Amino acid sequence: MAAKLSQITAEARDSIFRGMGMLIPLSLLVFILYPFFRVFLSSLGVPGPFTLQYYSQVFFSPKVILVWNTLLVSVPSSLLATALGLLLALLVVRSGLPGRGFFNLFAIFNIISPPFVSALSFIMLFGRRGLITRDLLGLDVQLFGWESIVVLQAFGHASVAYLVIATLLSRMDRELENAARDLGASESRVFFSVTLPLLTPGLTAAFVLSFTLSLADFGTPLLVGGGFRVLASEAYLQVIGQYNMALAAALCVLLLLPCLAVFRLEKLILGERSFLSEAPVQAIGSRKKEVSSRGFHPLVTALLLFIALLFIMFSLSIFLTIVTGAFTNIWGYDYTLSLKHFEAIWGQGLKSVRNSITFALWVALCGPMVGIVTAYYLAGRRGSAARFLEFTAILPFVIPGPFLGISYVLSFHRPPLVLTGTALIIILLCIFRELPISFKAAQAVLRQVSENLAMASLDLGANHRQTFTRIFLPLTAPAYRVGMIHAFIHVMTTIGAIIFLITPRYKVATFEIFDATNRGSLGQGAAFALLLIVLTVAGLVILNLAWKIPSFRHRHKERLQKWNFTWKTSKKATTAPGR
Amino acid sequence: MFIKKWKKRKNGLIVLLLLTVMAAVMVSGCGGVAGPTENGVEEPGEETAERTAPGKPLQIYAAYGGLQEIMDAFTQDTGIPVEFISMSSGEVLSRMRAEKGRPLGDVWFGGGVDSFMVAAEEGLLEAYVSPESEYIEERFKDPDGYWTGVSIVLVTFVVNKELAEERGIPIPETWDDLLDERLQGEILMPNPGISGTAFTAMASILQRLGEEEGWDYLAMLDENIPYYAERGSEPPNKASLGEVMIGISPDGVNAKREGYPVEVVYPSDGTAWWHSPVAIIAGTPNLEAAKEFVDWTLTERGQEILAFNSPRPSTRPGAPIPDDVPSLETLNLVDYNFERAARERDAIVDKWQLNLAK
């Protein structure tokens with residue numbers, strides 16, 4: 001009797017497990033594809049008669065310049081960011097100089113820096129009355145225009161590019177380079193014909209990333225653009241200034257085109273060539289006897305060092321400006337120490353900060369699960385339906401934030417699915433926005449190890465559910481971690497995607513920064529920004545603690561070793577493409 | 001929801017996950033503010049929609065300064081809890097349109113009167129004639145009771161005194177003074193297509209000087225404007241920080257209160273103005289509390305709180321105002337026709353876009 005009962009519950013559990021399998025494609029369709037189509041329809045005038053007027057309003061009016069403006073900013077800024085990221089990565093990974101950990105921390109720190117305030121700091125430092133441009137250099141410059149946007153974005157996104165490229169560079173199999181050297185190639189030849197081609201996936205990924213980030217960025221153009229308009233800022237202004245949702249939707253669709261284009265370009269460049277998908281497993285042996293780097297020419301090292309120093313100084317000065325602004329009396333004018341900005345934000349402001357943390361934790365903890373389960377669901381599935389679902393799962397990677405926000409408003413305000421005004425819609429949006437990271441990371445694990453393992457497990461009589469919980473889940477722990485960290489940082493610092501969804505109850509800290517700078521209370525904005533930075537760092541430390549619990553780590557390690565994989569292998573294999 | 005299913009597995013990862021999720025729940029639960037955050041976050045998957053209902057805090061969309069202080073005072077006076085979010089008038093209108101039939105906000109507080117007129121026309125507002133509104137001047141309220149003005153917004157020059165001194169340029173007193181060629185690149189004004197301030201200023205000039213002369217003036221003024229800002233907050237911010245000498249904005253007194261070296265000039269040849277109303281959003285489930293809020297903003301005490309926390313003249317004669325706010329009698333207000341301006345809005349913005357936009 002008891003045995004029968006347990007059999008029934010086991011069956012029930014299995015069917016629940018299979019039910020969850022149904023949920024994956026369903027949720028991808030509902031929360032990614034459906035909103036996507038709603039924006040598209042809305043830009044065509046639906047509801048109402050079909051019309052192309054919103055597109056013609058862009059193309060056959062002075063607004064057409066927006067398209068060029070957008071490219072004029074995004075292309076150079078992402079090229080610069082990628083180049084800067086590459087140089088920094090080369091310096092840190094290859095020059096053999098100490099302080100790599102420090103630099104990594106610094107780069108992450110730079111990513112955390114919240115929106116708007118960096119732009120304001122930039123003005124305070126380099127503006128007409130800027131501390132550096134006027135007081136230090138004695139210049140009288142007017143800092144308006146696209147050049148400022150490019151500089152700010154390039155420096156901001158260089159950190160992202162650096163992290164992507166550095167990860168790849170440090171994992172790269174150096175046998176090929178050594179072989180080239182042994183055959184008599186000069187260092188520069190080795191670099192240009194071996195190292196750089198091997199880095200192509202990282203470079204393109206970094207470029208695509210900074211390109212989409214730059215396209216979606218409406219804050220920087222608004223603050224330092226000096227009337228210079230791009231598609232993202234225009235879409236934002238169309239919604240807030242002219243209540244024109246349909247035109248905003250059309251602009252968003254236009255914004256998506258270049259994103260999809262670079263995404264496609266990346267695929268074309270990389271093609272089916274495999275750069276390292278199998279490398280980690282095979283390269284373990286060779287990695288151990290890694291030849292010590294001969295290093296760069298001293299002049300090159302000096303140049304790299306100079307650039308890195310410039311980068312560090314730029315970011316550090318921005319950060320110090322935020323600190324200064326938060327603790328002094330009047331932003332950019334009266335530098336008497338004061339705590340008044342923190343006192344001012346103590347009431348309602350703290351509620352927003354708490355909302356930020358709550359959302360970030362929910363997304364960081366639940367989000368990666370969705371990505372991992374999706375990867376599991378799609379693993380081993382072939383055919384166009386599966387390929388389409390996979391594309392859907394990585395689509396949020398290239399969707400600009402405001403597009404996603406508008407699409408959720410359009411999709412989930414009316415039945416059948418009424419979600420606007422809740423915290424849930426914000427969490428869901430962030431979960432699906434972060435999906436590609438944990439999905440990609442989990443997929444990487446799966447490609448390398450799990451197919452054989454899953455097969456073995458199934459052959460030995462375990463069912464799919466047991467295979468999933470006992471083999472797949474523990475293996476994807478590193479993917480979970482990567483997804484979690486990215487999600488936490490992004491939700492804490494995002495604004496573009498959720499600005500259209502927040503309500504009086506669910507205000508977030510980034511919104512408060514935006515609002516404070518709007519009101520002209522720049523000191524309060526800085527105080528919020530500083531609080532946000534501190535809390536994000538604290539949150540990251542706490543979330544990372546889980547991976548430091550010795551017993552857990554130990555058991556995990558043992559399990560992996562049983563299958564002849566080292567902890568390092570799976571960890572390295574799953575370091576995300578980053579975002 | 002997946003997590004529950006795995007609970008029985010004694011897998012380290014899952015136990016850990018559960019612990020962290022619980023920690024998250026605790027963080028969201030022990031927020032301190034009773035009520036709102038308690039049930040603030042639902043379990044993902046439990047697809048319920050929550051709405052404001054009687055007894056829940058009043059939800060306010062606001063385009064107003066000093067909100068925290070104003071709302072605290074209201075709650076203190078009436079015992080009604082309030083949650084608010086600041087948004088520009090355009091954004092409130094967009095939201096109300098998107099939310100028509102299922103509004104998420106109860107009250108719309110402050111902003112440009114033209115947006116309120118549009119909203120009333122579209123049936124987005126609830127008509128309510130407050131018992132207090134009899135004390136408000138006729139020209140500051142809607143005859144049908146859809147909205148009632150709570151304060152007067154004045155378009156001013158925010159002038160950086162230090163910069164003016166450095167350059168040896170006297171502080172301009174009139175719109176004509178702004179044409180001084182020494183002010184080239186020194187005047188910042190928002191884009192009238194985006195900013196109600198800029199549009200009202202331009203329409204006022206056109207009404208005051210007449211079409212032809214008005215456009216001539218705007219063309220000359222344009223010579224001194226380096227670019228048109230995309231946000232209303234940029235001109236006063238940049239003037240405060242000395243990036244430009246003059247910002248055209250209604251928020252000069254705020255910059256002065258922050259402590260920046262600015263002078264607020266009410267142009268003596270015609271100060272543009274509009275009234276900033278309060279209104280109830282149609283279909284609110286929280287009607288009684290919304291009415292109480294409207295009443296409160298129009299009482300003498302409410303008007304005083306408003307004027308002191310957001311420095312603007314009141315619409316209720318006799319309500320106390322702070323020293324740094326001028327009384328309406330001392331100003332030369334433009335005789336402004338709101339209906340005409342609304343009618344001509346598109347034409348004006350288009351013409352500006354064609355001839356003057358940069």
Could you tell me whether A:Phe472 is within 13 Å of chain B (Cβ to nearest Cβ) and at pLDDT below 85? yes
query: Can A:Ser95 be described as surrounded by fewer than 21 Cβ atoms within 10 Å (Cβ to Cβ) and either within 14 Å of chain B (Cβ to nearest Cβ) or over 30 Å from A:Ala538 (Cβ atoms) (or both)?
result: yes
Quick count over the stretch B:299-318, residues being closer than 15 Å to B:Ser130 by Cβ and either surrounded by fewer than 21 Cβ atoms within 10 Å (Cβ to Cβ) or of a type outside the set (S, T, N, Q) (or both), is 6
Q) Does the stretch A:403-421 contain any residue that is crowded, with 24+ Cβ neighbours inside 10 Å, more than 14 Å from chain B (Cβ to nearest Cβ) and in a helix (DSSP H, G or I)? A) yes
When you scan the stretch A:201-217, do you find a residue that is among the polar types (S, T, N, Q) and more than 24 Å from A:Leu260 (Cβ to Cβ), even just one? no
Restricting attention to the stretch B:186-206, the residues that are over 15 Å from B:Leu356 (Cβ atoms) and in contact with a helix residue (DSSP H, G or I) (Cβ under 7 Å, 6 or more places away or on another chain) number exactly 2
Quick count over the stretch A:50-91, residues being within 30 Å of A:Gly202 (Cβ to Cβ) and in contact with a Lys or Arg (Cβ under 8 Å, 6 or more places away or on another chain), is 1
Taking the stretch B:92-135 and the residues there that are closer than 19 Å to B:Phe199 by Cβ, free of Cβ contacts under 8 Å to residues at least 40 places away in the same chain and surrounded by 23 or more Cβ atoms within 10 Å (Cβ to Cβ), the one that is nearest to the chain's Cα centre (by Cα) would be B:Val92
Given the conditions (1) over 18 Å from A:Leu91 (Cα atoms); (2) modelled with pLDDT under 85, every one holds for A:His341 apart from (2)
Result of the Cβ filter at 6 Å on the stretch A:508-525, keeping first residues that are at the interface with chain B (Cβ under 7 Å from one of its Cβ atoms) and partners that are among the acidic types (Asp, Glu), at least 6 apart or interchain, is none
When the stretch A:1-46 is checked residue by residue, the ones that are more than 29 Å from A:Ile394 (Cβ to Cβ), of a type outside the set (Asp, Glu) and touching a residue at least 40 places away in the same chain (Cβ under 8 Å) are A:Arg13, A:Gly45
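So that you can scan it fast, the table gives a plain yes or no per residue for (1) within 14 Å of chain A (Cβ to nearest Cβ); (2) without any contact (Cβ under 8 Å) to a residue 12 or more places away in the chain; (3) part of a loop (DSSP other than H, G, I, E, B):
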residue	(1), (2), (3)
B:Asn254	yes, no, no
B:Thr284	yes, no, yes
B:Glu288	no, no, no
B:Asp295	no, no, no
B:Arg301	no, no, no
- Does the stretch A:307-320 contain any residue that is at the interface with chain B (Cβ under 9 Å from one of its Cβ atoms) and touching a residue at least 40 places away in the same chain (Cβ under 8 Å)? no
Taking the stretch B:90-130 and the residues there that are in a loop (DSSP other than H, G, I, E, B) and within 17 Å of B:Val153 (Cβ to Cβ), the one that is modelled with the highest pLDDT would be B:Gly110
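Of the residues that make up the stretch A:444-466, is at least one under 23 Å from the mean Cα position of the chain (by Cα) and either within 13 Å of chain B (Cβ to nearest Cβ) or of a type in the set (S, T, N, Q) (or both)?
no
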The condition of being within 14 Å of chain A (Cβ to nearest Cβ), in a loop (DSSP other than H, G, I, E, B) and either in contact with a strand residue (DSSP E or B) (Cβ under 9 Å, 6 or more places away or on another chain) or more than 19 Å from B:Thr148 (Cα to Cα) (or both) holds, among B:Tyr260, B:Tyr336, only for B:Tyr260
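Per-residue answers, yes or no, for (1) modelled with pLDDT of 85 or more; (2) among the aromatic types (Phe, Trp, Tyr):
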{"position": "A:Ala487", "(1), (2)": "yes, no"}
{"position": "A:Tyr506", "(1), (2)": "yes, yes"}
{"position": "A:Glu512", "(1), (2)": "yes, no"}
{"position": "A:Arg519", "(1), (2)": "no, no"}
{"position": "A:Ala527", "(1), (2)": "yes, no"}
{"position": "A:Leu532", "(1), (2)": "yes, no"}
{"position": "A:Ile549", "(1), (2)": "no, no"}
{"position": "A:Glu558", "(1), (2)": "no, no"}
task = Look at B:Pro192 and say whether it is more than 25 Å from A:Val224 (Cβ to Cβ) and outside any helix (DSSP H, G or I).
result = no
Picked from the stretch A:211-267 (must be away from every other protein chain (no Cβ under 14 Å) and free of Cβ contacts under 8 Å to residues at least 12 places away in the same chain), the residue farthest from A:Leu52 (Cα to Cα) is A:Lys267
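Table: residues versus (1) out of contact with any helix residue (DSSP H, G or I) (no Cβ under 8 Å at 6 or more places or on another chain); (2) at positive phi; (3) of a type in the set (Phe, Trp, Tyr); (4) surrounded by 13 or more Cβ atoms within 10 Å (Cβ to Cβ).
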| residue | (1), (2), (3), (4) |
| --- | --- |
| A:Phe31 | no, no, yes, yes |
| A:Tyr34 | no, no, yes, yes |
| A:Pro49 | yes, no, no, no |
| A:Tyr54 | no, no, yes, yes |
| A:Lys63 | no, no, no, yes |
| A:Thr70 | no, no, no, yes |
Exception for B:Asp144 within (1) assigned by TED's automatic domain parsing to the domain that holds B:Met71; (2) in contact (Cβ under 8 Å) with a residue 40 or more places away in the chain falls at (2)
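Scan the stretch B:72-89 for residues that are outside any loop (DSSP other than H, G, I, E, B) and not charged (D, E, K, R) and jot them down.
B:Ala73, B:Phe74, B:Thr75, B:Gln76, B:Thr78, B:Val82, B:Phe84, B:Ile85, B:Ser86, B:Ser89
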**Prompt:** Quick one: is A:Arg189 under 26 Å from A:Pro436 (Cα atoms), basic (Lys, Arg) and either in contact with an Asp or Glu (Cβ under 6 Å, 6 or more places away or on another chain) or assigned to a helix (DSSP H, G or I) (or both)?
**Reply:** no
Note on the stretch B:68-91: residues more than 7 Å from chain A (Cβ to nearest Cβ), under 16 Å from B:Asn309 (Cα atoms) and buried (at least 18 other Cβ atoms within 10 Å of the Cβ) are B:Ile70, B:Met71, B:Ala73, B:Phe74
A:Thr82: passes all of (1) in a helix (DSSP H, G or I); (2) under 30 Å from B:Leu354 (Cβ atoms) but (2)
Filtering the stretch A:329-381 down to residues that are closer than 30 Å to B:Pro261 by Cβ and part of a helix (DSSP H, G or I) yields A:Lys340, A:His341, A:Phe342, A:Glu343, A:Ala344, A:Gln348, A:Gly349
Might you let me know whether the stretch B:264-272 holds any residue that is in contact with a helix residue (DSSP H, G or I) (Cβ under 9 Å, 6 or more places away or on another chain), free of Cβ contacts under 8 Å to residues at least 60 places away in the same chain and not in a strand (DSSP E or B)? no
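The values are calculated or read from the model by the stated rules, or taken from the named source; none is laboratory data. Quick caveat, the model's predicted, so the values are computed rather than measured. Here Cβ is always computed from backbone atoms with ideal geometry, including for glycine, and neighbour counts include all displayed protein chains.
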